[in-house]
Amino acid sequence: MQLSASPYEERLTAPRSWWLISFLVGVSLALILLPFGTLPMLGGLAGGTAAAAVVVSAYGSVRIRVVGGHLIAGDAKIPVSALGEAEILDAEEARAWRSYKADPRCFMLLRAYIPGALRVDVTDPADPTPYVFLSTREPQRLAQALQAARDTTGAA
């Protein structure tokens, strides 16, 4: 397997405030269990915090990668040869493409807490997906990695 000239990897982690909310979920469960004694209260604090942290971690574990001539975004694996030009979206444009401009057939890897995004046209005529919308903290770098991978696979 040939790696792309400019590999790219990004993990769309949840914001720090969500980890505080995880702790507050544990505190809430501890307060609910307080009438049953100290041990259930401590168990509720530990168990509630751990359960909420697992949910936050799972939601923030999605990755975007450009490797081996493919764009891998979450569960999607798309060859870069099937992708067209990438359009870098600022916060305002990304909001528009997430809402009223969105096509229901598109693939979205959406994280609303990440303001920037990249929209990449799908040029494969056999694929009904018109474009891929990716929330990313580094849209410029992702667009460059896609272009470098496209150049590499086109030259090979």
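The values are calculated or read from the model by the stated rules, or taken from the named source; none is laboratory data. From a predicted model like this one, the values you see are computed outputs, not experimental measurements. All Cβ positions, glycine included, derive from the backbone under ideal geometry; neighbour counts span all protein chains shown. Heads up: the accessible areas ignore ligands, DNA and RNA and are worked out on the full protein's heavy atoms, side chains in. Shrake-Rupley method; radii C 1.70, N 1.55, O 1.52, S 1.80 Å.
Work out the charge dipole of the chain with +1 on the Cβ of Lys and Arg and -1 on the Cβ of Asp and Glu about the Cα centre, then indicate which of G60, I72, L110 is farthest towards its positive end.
Ranked along the dipole, the leading option is G60.
Given a 1.4 angstrom probe, what's the average accessible area per residue across region 21-129, in square angstrom?
Result: 55 Å² of accessible area for each residue.
How high is the FRET efficiency between V67 and C106 when r is their beta carbon distance and R₀ equals 30 Å, given to the nearest 0.05?
0.85
Could you give the length gained by full extension between S17 and L39, i.e. 0.36 nm per residue of separation minus their alpha carbon distance, to one decimal place?
Length difference between fully extended and current span is 5.1 nm.
Let a ≥ b ≥ c be the square roots of the eigenvalues of the Cα gyration tensor of region 70-146; is it rounded (a/c under 1.5), or, if not, prolate (a/b larger than b/c) or oblate?
oblate
Magnitude of the Cβ-charge dipole of the chain, K/R +1 and D/E -1, about the Cα centre, nearest 20 debye?
My answer is approximately 460 debye.
Please give, to one decimal in nm, the separation of the simple spin-label points placed at S99 and K77, each 7 Å out from Cα toward the Cβ.
Once both label points are built, they end up 3.6 nm from each other.
Quick check: residue separation of V54 and I88 times 0.36 nm, minus the Cα distance between them. What number comes out in nm?
9.1 nm
For region 30-104, compute Rh as the Kirkwood radius over C-alpha pairs and then the Stokes-Einstein diffusion coefficient at 4 °C and 1.567 mPa s; write the answer in µm²/s, rounded to an integer.
This corresponds to a translational diffusion coefficient of 78 µm²/s.
Through the Karplus equation 6.51 cos²θ - 1.76 cosθ + 1.60, θ set to phi - 60°, convert the phi angles of region 44-52 into ³J(HN,Hα) values in whole Hz; use x for Gly and Pro.
Each residue's phi maps through the Karplus curve to give x, 4, 5, x, x, 5, 5, 5, 5 Hz.
Here are several values of semi-axes √(5λ) of the Cα gyration tensor in Å: (1) 23, 16, 16; (2) 40, 17, 12; (3) 21, 21, 16. Which one was derived from the coordinates shown?
The value computed from this structure is option (2).
Just the number, please: carbon plus sulfur as a percent of the accessible area of region 23-106, 1.4 Å probe, no ligands or DNA/RNA counted.
Of the solvent-accessible surface of region 23-106, carbon and sulfur hold 66 percent.
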